[in-house]
Amino acid sequence: MATLAHRHAEERDGEPASSSVLRDRRFNGYLRIKLPHALDAEVESVVTAYVAGSASTRQALIDGLGERAAGVLSAYGQRMASVAVRIRSVDALRRGAVAVALAEGFLEDRRDNLFVLAAVHDSASLIGTSLAEVIDDVKALLPPVGLAALHEFEQREERDKSLAALGIRRSGTGQDFLYL
């Protein structure tokens, strides 16, 4: 995760990060926008600001979240699960897990993150790791409610965290791979 923090510092040049950017109308339909997309970098800048930030920066980013921004973070988590498979990247999964954990507690229906976690779980297995390992990698960074939600999902029976159980599926291969 240090590479995320380093890259963020270079990109932002001291400009304070804000999660308010995630409430912008440009994110309407974000989950369905072609992957990759420039909006992914905007969400990533918020996630990396959170990862690289001090405790007060992290809290400010959390305080700026709301239902709409949480929906964008959750969608980003699912998009990063697809990216992780495409490029075989545990780092993409870590970013996705952080985003999902940040969204937890702000979504209108907390079950909306379950679909995303099924994709993250499946993606982890496809690239040779596990959701438990991804959670362990980022647990020190996560807000308590988000960490608890990730652990709760990870502890489910396998049949209860599968793609089929949560009504999503894989589509495409290689650079066209996508969770739908």
Computed over the chain: relative contact order in percent, which uses C-alpha pairs under 8 Å that are six or more apart: 20 percent
Where GluC sites (Glu not before Pro) fall in DSSP loop in the range 90-180, at most 10 other Cβ within 10 Å: Glu108, Glu157
How far apart, in nm, are the 7 Å Cα→Cβ label points at Arg111 and Ala41? 3.8 nm
For the chain, report the accessible area per residue in Å² (1.4 Å probe, heavy atoms, rounded to an integer). 48 Å²
Counting only protein heavy atoms with a 1.4 Å probe and every protein chain in place, the carbon and sulfur fraction of the accessible surface of the range 35-180 in whole percent equals 51 percent
Per GNM of the chain with C-alpha springs under 10 angstrom, the most fluctuating residue out of Ala97, Ala118, Ala149 is Ala149
Note the angle between two axes, namely the Cα long axis of helix 38-52 and the longest principal axis of the Cα atoms of the chain, as a number of degrees from 0 to 90, rounded to the nearest 10. 70 degrees
Given the Cα-Cα distance of Ala55 and Ala164 and 0.36 nm per residue of separation, how much length would full extension add, in nm? 35.4 nm
Treating only Lys and Arg (+1) and Asp and Glu (-1) as charged, each at its beta carbon, one finds that the chain has a dipole about its Cα centre, in Debye to the nearest 20, of 460 debye
Would you mind pulling out the separation of the Cα centroids of the range 140-180 and the range 56-92, in Å? 13 Å
CD proxy at 222 nm, helix term only [per DSSP H run n ≥ 4: -39500 (n - 2.57); per residue of the chain; nearest 500]: -18500 deg cm²/dmol
Listed residues Leu147, Leu163, Gly105: farthest to the positive end of the dipole of the range 90-180 (Cβ charges): Leu163
When the charge dipole of the chain is computed with +1 on Lys and Arg Cβ and -1 on Asp and Glu Cβ about the Cα centre, the Cα farthest towards its positive end, among Val83, Ser130, Ala69, belongs to Val83
Testing the spin-label approximation: label points 7 Å from Cα along Cα→Cβ at His151 and Ile87. State their distance in nm. 3.1 nm
Pull out the extension gain between Asn28 and Ser125, defined as 0.36 nm times the separation in residues minus the alpha carbon to alpha carbon distance; nm, one decimal. 31.9 nm
Using unit Cβ charges (K, R positive; D, E negative) and no other charged atoms, how large, in debye to the nearest 20, is the dipole of the range 110-154 about its Cα centre? 160 debye
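The values are calculated or read from the model by the stated rules, or taken from the named source; none is laboratory data. Treat the numbers as computed from the prediction; the structure is a model and nothing was measured. Don't worry about glycine lacking a Cβ; one is built from the backbone with ideal geometry, like all the others, and counts go over all protein chains shown. Protein only, heavy atoms only, side chains kept; ligands, DNA and RNA dropped before computing areas. Shrake-Rupley method; radii C 1.70, N 1.55, O 1.52, S 1.80 Å.
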